[in-house]
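A quick write-up on the structure given underneath.
Laboratory data are not the source of any read-out in this text; all were calculated from the coordinates shown. Keep in mind the model is a prediction, meaning the values are calculated, not measured. Virtual Cβ from ideal backbone geometry, glycine too; neighbours counted across all protein chains shown.
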Ligand code: MLT
């Protein structure tokens, strides 16, 4: 009897471990969800919807986007860190993953160890923009106005640690003047306030500003990259405008919860690589002032090492500013 029990237990164990790789090998067998930690309609949402659609074509499953904005992106990140590690819940986030580990000291999840990396996606230039009737037309005039008006001007961002927050920090440091900051759950809703004229200034990604700039709905003073952006040929660089130190771009990457099987992360990484070669995605990224990263960067290893180097770059900057989120 004891021998029979021992044998059947061994058989069950063998079956169980046989089952695990089978599910990873059958991945994906149902809809996948990508969590975007900012409001719908903003730059991260735009990158996520284009990437999800293209990845879904390769994976043969629907990839839906769900927005969970707030707290500079940490609410959405927590959702994924605490999700089931089976590859069906992903996080698409940006430079905020490099700043949160230093800015937030009391998070309910591990902002680095809580995730597996899938690959980098794109690196988006930023633009300094203003409401249509803002009384300045060049970067020099805008800087002079900021220095004169200071906190009488309001500046929108998507919360502490967001790209629009970091860009604002760099701008206000470069011009040595503080404006009044107005936080939103994302720069999607902030753009509506800029278009309505209730917000004066914002620094946001070209994926959210290019079409508004080219339609004349908002004013623009500079792009924050060393070279001009093809989709915005008439917009000078910050260096051309006299603010050479005011440079920042927003990298984006894909993550799954810690403990997701390696076969699943590899499958997702392959689908991401295919998506970044998809002509429809490449075309739309170009129209919005950006481009996919080189294929070699769309891997878990390259993403992890880039991310760790970026955390190390931002830590002393944040510590020197002494501005923590909690
Ligand atoms: C967004 O998608 O709303 C932005 O990425 C927010 C930000 O980081 O500025």
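Just subtract the alpha-carbon distance of residue 227 and residue 321 from 0.36 nm times their residue separation and send over the number in nm, one decimal.
Working: separation 94, 0.36 × 94 = 33.84 nm, distance 2.79 nm.
Working it through step by step, the gained length comes to 31.0 nm.
Which of the three applies to the chain, rounded, prolate or oblate, going by the alpha-carbon gyration tensor with a ≥ b ≥ c and a/c under 1.5 meaning rounded?
Values: a/c = 2.65, a/b = 2.01, b/c = 1.32.
Judged from the Cα gyration tensor, the chain comes out prolate (a/c at least 1.5, a/b above b/c).
Which order do peptides 221-229, 315-323 fall in by mean Cβ count within 10 Å, highest first?
On the way: 221-229: 20.1, 315-323: 11.8.
Ranked from most to least packed, the peptides come out as 221-229, 315-323.
Which percent, nearest 5, of DSSP beta bridges in the chain are antiparallel? Each step should come with its number before you reach the end.
Values: 23 of 38 bridges.
Beta bridges within the chain, antiparallel portion: roughly 60 percent.
Taking only Cα atoms, what is the 0 to 90° angle, nearest 10, from helix 262-276's long axis to the longest principal axis of the chain?
The two axes meet at around 40 degrees.
For segment 75-158, take N as its residue count and report Rg(C-alpha) divided by 2.2 N^0.38 Å.
Values: Rg = 18.8 Å, N = 84, 2.2 N^0.38 = 11.8 Å.
Compared with the compact-globule rule of thumb, segment 75-158 sits at 1.59.
Based on the Cβ-Cβ distance of residue 84 and residue 295, what FRET efficiency does E = 1/(1 + (r/R0)^6) give at R0 = 41 Å, to the nearest 0.05? Each step should come with its number before you reach the end.
Values: r = 29 Å, r/R0 = 0.71.
E(calc), rounded to 0.05, equals 0.90.
Stretch residue 180-residue 262 to full length: gain in nm at 0.36 nm per residue minus the Cα-Cα span? Walk me through the numbers before you get to the answer.
Numbers: separation 82, 0.36 × 82 = 29.52 nm, distance 4.59 nm.
Value of the extension gain: 24.9 nm.
I need the shape label for segment 74-124. Rule: rounded when a/c is under 1.5, else prolate if a/b > b/c, else oblate, with a, b, c from the alpha carbon gyration tensor. Spell out each step's value before the answer.
Details: a/c = 2.03, a/b = 1.05, b/c = 1.93.
Judged from the Cα gyration tensor, segment 74-124 comes out oblate (a/c at least 1.5, b/c at or above a/b).
Taking a ≥ b ≥ c as the square roots of the eigenvalues of the Cα gyration tensor of segment 131-217, is the shape rounded (a/c under 1.5), prolate (a/b larger than b/c) or oblate? Please list the in-between numbers first.
Details: a/c = 1.57, a/b = 1.13, b/c = 1.39.
The shape class here is oblate.
Could you tell me the center-to-center distance, by alpha carbons, between segment 107-154 and segment 216-232 in angstrom?
When both Cα centres are located, 13 Å separates them.
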